[in-house]
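Colleague: Take this structure, written in structure tokens, and hold onto it; I'll ask about it next.
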Amino acid sequence: MTTTTKQTLSHLDWLESEAIHIMREVAGQCSNPVLLFSGGKDSICMLRIAEKAFRPGKFPFPLMHIDTGHNYKEVTDFRDKRAAELGERLIVRSVEESMKRGTVVLKSPDESRNKHQSVTLLEAIEEFGFDACLGGARRDEEKARAKERIFSFRDEFGQWDPKNQRPELWDLYNARSFKGENIRVFPISNWTEFDVWQYIEREKLELPSIYYAHTRPIVVRNGGLQPVTDVTPARPDEKIEEMLVRFRTVGDITCTAPVLSDADTIEKIIAETATTTITERGATRLDDQTSEASMEQRKKEGYF
Amino acid sequence: MTTTNTTATIDHGLLRFLTCGSVDDGKSTLIGRLLYDTKAILADTLTAIEKTSKKRGMEAVDLSLLTDGLQAEREQGITIDVAYRYFTTGTRKYIIADAPGHEQYTRNMVTAASTADLAVILIDARKGVLTQTRRHSYLTHLVNIPHLVVAVNKMDLVDYSKDVFDKIMADYLEFAAKLGIEDVHFIPMSALNGDMVVERGDQLDWYQGPTLLELLETANTSHIEHAEDFRFPVQYVCRPQDSANPELHDYRGFMGRVESGRIAIGDAITVLPSGLESRVKDIRLLDDSLPEAFAEQSITLLLEDEIDISRGDMIVKSGELPTVTKHIDAMLCWLSETPLDPRRKYLIRHTTRDSKAMLAGIDFRMDINALGKQTAEKLVMNDIAKVSLKLAQPIFVDPYAQNRSTGAFIVIDESTNNTVGAGMIL
């Protein structure tokens, strides 16, 4: 006796179901995983997926944030609040601790700490003995990510080798690793920025306030918008302007720029995202524009 | 159930497709054209490829640069891996698996094909059906991709000739019949000029069929077309044992994804390997209780009876049992640079279940160019062979041709933890 399936999942339901399946595979295959949670929109979706994957049980992993010490307070406050609401354990490890230990050495005091997160992440992985890290990276963000596996093997130095990835067929994922090695797992690999915003709307997910249009002091530098903060002060010759902006992506203050926008609701953000002419990273990530291969290079050095 | 979508009134879900062909066939141009004409390319990306096109001395924007790869690939001048790309039409979301076409990348093509609902095989209209066309067709057939589209590209270089197109179609159908390929669509196309990709163009009036995008928009996913048995491999068991909440004290949720078929509250089920029977008490998705669930949904099943079930077990409908076996015949694609060693034991992963396995014999190896059968003592990377395997634990299987989830397995080398083989059960 067989039946024919007539229904099809909507694209968001399909993406959600795939992500839940991936998280449960991590829980089933790995002995000590962790979920990287920054308070950003992608990792907020990840937490929602984790709820759908594991409730009414506890998450089978703690949450962890690698804090550069240069994050917007609205975001780190949100991070702490969300973890508390969920009743899940949050680990925070900071690049500043690595600097004190001497394992991170900045070339100059104003060098961005963003890429140094890799060092702190690897130290935290070793400290806790994590065998898998769940991250919210997406393949549409960047061409190195477009070729990365959902279960991405990293050696003892955290390195990604694009030429030697494990074949990944059907939905049969291989999360096996030896002690000291690590698997990075990206459950929302197949989501686009637009999918993320649609999901946030559908699930009514709360976001840090700076994702919505707000006024803040800005200088225009190299054609981009640079928020004026304690970490990123205006230079003497620059004119500070109050601008109405929002962040499409949040991260280290020194390398994340906002976009001009009056979108103060999720509906307006979705409408804007549907008609934007600039990619998410193109608009907002100052670190990816340094060279064509900078993400690929950072991943080879242990980055998410 | 949370299936409402507030931003689009129609949602035909998601279609995954594969493009096969080499750079020379215009594969990158085709993908670039699809992304460009569906407005998936944003202005800054376009500006970047305009710059590169100019730098390389080209007059028009080279859309193939949109799929330009990694530094590691440019250094070697080759494409080394599958890249995934995304676009949406507003009614459907698409995932393109862009696989390199050369012979040494059979394993990449099999990888990309394993999750595809549809394959587009590119043929250069000037060259017709080539060895690689046969190879790509064999592989898409082996991996059982439900829909096959043959795009006869570069029609602009043969004066959009219907005769050329008809000849290629006849040639193709002749060898496809030998492989047992039945359902094929042919589209004449110029990806360079955009004819019959998204727009019809005005050069191919003699062709009355759908454009490529029209085909993509209406293609069904495999689960819709075939009657399927219910298969639910258990991924994880939820036992909260929350002392503060007496309701959860006896909670046992069996978590997994419906791989095929459907299940409703009240249905009689059988658990494998124990053979114990019960009924479905509830189907949960977070706070929602679903009256029924169907293929590709990740859910939590609650049963009427307290049965001991763990990861690796499978819940099926009573009366729809799969084959329980410790011996399988399969088509095996070897993926590793280290050849298959017939004396060694490997690990098999099938659904959520692992078992040690040993090669019992190699029936034949496929010559994927001539499509003939050869005898073989060992298997090296990119070989495809019919093998038989002995397993230490029973697995619960259906023939791959009927069920891609319960018919597929991967082979893992425990000494490296690498995935070294991909198998399809006969």
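Colleague: Enter the Cα centre distance for the pair the range B:313-337 and the range B:83-123, rounded to the nearest angstrom.
Modeller: That distance is 25 Å.
Colleague: I'd like the FRET efficiency for B:Lys390 and B:Asp166, computed as 1/(1 + (r/R0)^6) with the beta carbon distance as r and R0 of 35 Å, rounded to 0.05. Each step should come with its number before you reach the end.
Modeller: Details: r = 50 Å, r/R0 = 1.43.
It comes out at approximately 0.10.
Colleague: While we're here: Return the Rg/Rh value of the range A:208-284, two decimal places, where both radii are evaluated on C-alpha atoms and Rh is the Kirkwood radius. Let's see the in-between values first.
Modeller: Working: Rg = 12.4 Å, Rh = 12.9 Å.
Reported Rg/Rh (Cα atoms, Kirkwood Rh): 0.96.
Colleague: What percentage of all Cα-Cα pairs in the range B:154-250 are separated by more than 23 Å? Don't skip to the answer; put the middle values down first.
Modeller: Numbers: 2534 of 4656 pairs.
For the range B:154-250, the fraction of Cα-Cα distances above 23 Å is 54 percent.
Colleague: Given only helices, namely DSSP H runs of n ≥ 4 each adding -39500 (n - 2.57), what is the per-residue ellipticity at 222 nm of chain A, to the nearest 500 deg cm²/dmol? If you can, show how the numbers build up before the last one.
Modeller: Values: 10 runs with 103 residues, N = 304.
Dividing the helical sum by the residues of chain A leaves -10000 deg cm²/dmol.
Colleague: Taking chain B as a Gaussian network, where each spring joins two C-alpha atoms under 10 Å apart, which residue of B:Gly361, B:Gly13, B:Gly266 fluctuates the most?
Modeller: In this elastic network of chain B, the residue with the biggest mean-square fluctuation among B:Gly361, B:Gly13, B:Gly266 is B:Gly13.
Colleague: If you don't mind, there's one more thing I want to ask. Relative to the present Cα-Cα distance, how much length would full extension add between A:Arg235 and A:Glu96 at 0.36 nm per residue of separation? Mind dumping the intermediate values first?
Modeller: Values: separation 139, 0.36 × 139 = 50.04 nm, distance 2.47 nm.
Length gained, A:Arg235 through A:Glu96: 47.6 nm.
Colleague: Just for the Cα atoms in the range B:323-425, what are the lengths along the principal axes, largest first, rounded to whole Å?
Modeller: Largest to smallest, the principal-axis extents are 34, 33, 19 Å.
Colleague: While we're looking at this one, here's another question. Compute the accessible area per residue over the range B:240-358, keeping the other protein chains in place, probe 1.4 Å, unit Å².
Modeller: 43 Å²
Colleague: So, one more: Report the local net charge at A:Phe130: Lys and Arg +1, Asp and Glu -1, summed over other residues whose C-beta lies under 12 Å from its C-beta.
Modeller: Working: positive: A:Arg93, A:Arg154, A:Lys179, A:Arg184; negative: A:Glu123, A:Glu126, A:Glu127, A:Asp131, A:Glu181.
Taking every Cβ under 12 Å from that of A:Phe130, the sum is -1.
Colleague: How much length is gained if the chain between B:Asp308 and B:Leu46 is pulled fully straight, taking 0.36 nm per residue apart and subtracting their Cα-Cα distance, in nm to one decimal? Working shown, then result.
Modeller: On the way: separation 262, 0.36 × 262 = 94.32 nm, distance 5.69 nm.
Gain on stretching B:Asp308 to B:Leu46: 88.6 nm.
Colleague: A follow-up question, please. Using a Gaussian network for chain A with springs between C-alpha atoms less than 10 Å apart, which of these wobbles most: A:Ala213, A:Ala53, A:Ala84?
Modeller: Most flexible of the set in this elastic network: A:Ala84.
Colleague: In the range A:208-284, what percent of the accessible surface is made up of carbon and sulfur (1.4 Å probe, ligands and nucleic acids excluded)?
Modeller: Working: 1900 of 3520 Å².
Of all accessible area on the range A:208-284, carbon and sulfur atoms account for 54 percent.
Colleague: Moving on. How large is the Rg to Rh ratio of the range B:75-193 when both quantities use alpha carbon positions and Rh follows Kirkwood?
Modeller: On the way: Rg = 14.8 Å, Rh = 15.3 Å.
Rg/Rh for the range B:75-193 comes to 0.97.
Colleague: Separate question: Cα atoms only, chain B: Rg and Dmax in Å?
Modeller: In order Rg, Dmax, the Cα atoms of chain B give 24.0, 77 Å.
Colleague: I'd like the accessible area for B:Asp383, computed on protein heavy atoms only with a 1.4 Å probe and all protein chains in place. Round to 10 Å², please.
Modeller: B:Asp383 has an accessible surface of roughly 20 Å² with all protein chains in place.
Colleague: Given just the C-alpha atoms of the range A:139-210, how large is their convex hull per residue in cubic angstrom? Present the calculation step by step, with values, prior to reporting the outcome.
Modeller: On the way: hull volume 10.5 nm³, N = 72.
Each residue corresponds to 146 Å³ of Cα convex hull volume.
Colleague: When all alpha-carbon pairs of the range B:231-317 are counted, what percent fall beyond 22 Å? Working shown, then result.
Modeller: On the way: 654 of 3741 pairs.
Everything past 22 Å amounts to 17 percent.
Colleague: Springs between alpha-carbon pairs under 10 angstrom, Gaussian network model over chain B: which of B:Ala116, B:Ala99, B:Ala360 fluctuates most?
Modeller: B:Ala360
Colleague: Evaluate the distance, in nm, between pseudo-label points positioned 7 Å from the Cα of A:Asp110 and of B:Val184 along their respective Cα→Cβ axes.
Modeller: That separation, rounded to one decimal, is 6.4 nm.
Colleague: Starting from the Kirkwood radius over alpha-carbon pairs of chain A, derive D by Stokes-Einstein at 20 °C in a medium of 1.002 mPa s and give it in µm² s⁻¹.
Modeller: It comes out at roughly 106 µm²/s.
Colleague: While we're looking at this one, here's another question. Between B:Asp159 and B:Gln208, with labels modelled 7 Å along Cα→Cβ, what's the label distance in nm to one decimal, could you check?
Modeller: 2.5 nm
Colleague: Roughly how large is the B-A contact in terms of buried accessible area, totalled over both chains, probe 1.4 Å, nearest 100 Å²? Mind dumping the intermediate values first?
Modeller: Working: alone 20890 and 15120 Å², together 28870 Å².
Using a 1.4 Å probe, the pair buries roughly 7100 Å².
Colleague: Pairing the Cα long axis of helix B:27-37 with the longest principal axis of chain B, what angle in degrees results, from 0 to 90 and rounded to the nearest 10?
Modeller: The answer is roughly 80 degrees.
Colleague: I need the Kirkwood Rh of the range B:298-374: take the reciprocal of the average 1/r across all distinct C-alpha pairs and report it in angstrom. Please list the in-between numbers first.
Modeller: Details: mean 1/r = 0.0607 Å⁻¹.
Evaluated over the range B:298-374, this radius sits at 16.5 Å.
Colleague: Separate question: Could you state the angle between the C-alpha long axis of helix B:131-142 and the longest principal axis of the C-alpha atoms of chain B, as a value from 0 to 90 degrees rounded to the nearest 10?
Modeller: 20 degrees
Colleague: When the accessible area of each residue in the range B:311-327 is compared between its chain alone and the complete protein assembly (1.4 Å probe; ligands, DNA and RNA ignored), which residues differ by at least 10 Å², being lower in the assembly?
Modeller: With the partner chains in place, the range B:311-327 has these residues losing at least 10 Å²: B:Arg311, B:Lys317, B:Gly319, B:Glu320.
Colleague: Something else: With viscosity set to 1.306 mPa s and temperature to 10 °C, compute the Stokes-Einstein D of the range A:38-80, Rh being the Kirkwood radius across alpha carbon pairs; µm²/s, no decimals. Can you show the working numbers first?
Modeller: Numbers: Rh = 11.4 Å.
Value of D from the Cα-based Kirkwood radius: 139 µm²/s.
Colleague: Just the number, please: carbon plus sulfur as a percent of the accessible area of the range B:322-384, 1.4 Å probe, no ligands or DNA/RNA counted. Let's see the in-between values first.
Modeller: Working: 1450 of 3020 Å².
Of the solvent-accessible surface of the range B:322-384, carbon and sulfur hold 48 percent.
Colleague: Ok, one more. Can you give me the pair-distance distribution of the protein assembly as shown, C-alpha pairs, 10 Å bins, whole percents?
Modeller: Whole-percent P(r) values from 0 Å outward: 3, 14, 24, 27, 20, 10, 3, 0.
Colleague: For the range A:10-107, divide the Cα radius of gyration by the Kirkwood radius and give the resulting Rg/Rh value with two decimals. Don't jump to the answer; show the numbers that get you there.
Modeller: On the way: Rg = 15.4 Å, Rh = 14.8 Å.
On the Cα set of the range A:10-107, Rg over Rh gives 1.04.
Colleague: Could you tell me how many degrees, from 0 to 90 and to the nearest 10, lie between the Cα long axis of helix B:43-55 and the main elongation axis, the longest principal axis, of the Cα atoms of chain B?
Modeller: Compared with the principal axis, the helix lies near 50 degrees.
Colleague: For the range B:346-377 and the range B:179-236, what is the centre-to-centre distance using only Cα atoms, to the nearest Å?
Modeller: The two parts, judged by their Cα centres, are 30 Å apart.
Colleague: State the Cα centre-to-centre distance between the range A:63-109 and the range A:218-234 in whole Å.
Modeller: What the calculation gives is 22 Å, centre to centre.
Colleague: Between B:Lys127 and B:Thr218, what FRET efficiency comes out of the Förster formula 1/(1 + (r/R0)^6) with R0 = 35 Å and r the beta carbon distance, rounded to 0.05?
Modeller: Details: r = 29 Å, r/R0 = 0.84.
About 0.75, to the nearest 0.05.
Colleague: 7 Å from Cα along Cα→Cβ at both A:Gln159 and B:Lys356: what's the point-to-point distance in nm?
Modeller: My value for the distance between the label points is 3.4 nm.
Colleague: Here's something else I'd like to know. Taking R0 as 56 Å, what's the FRET efficiency between B:Arg279 and B:Lys378 from their Cβ-Cβ distance, rounded to 0.05?
Modeller: Between B:Arg279 and B:Lys378 the formula returns 0.70.
The values are calculated or read from the model by the stated rules, or taken from the named source; none is laboratory data. This one's a predicted model, so the numbers in the text were calculated from it and none came from an experiment. No Cβ is skipped: glycine too gets one built from the backbone with ideal geometry, and neighbour counts run over all protein chains shown. These area figures cover heavy atoms from the full protein model, side chains too; ligands, DNA and RNA do not enter into them. Shrake-Rupley method; radii C 1.70, N 1.55, O 1.52, S 1.80 Å.
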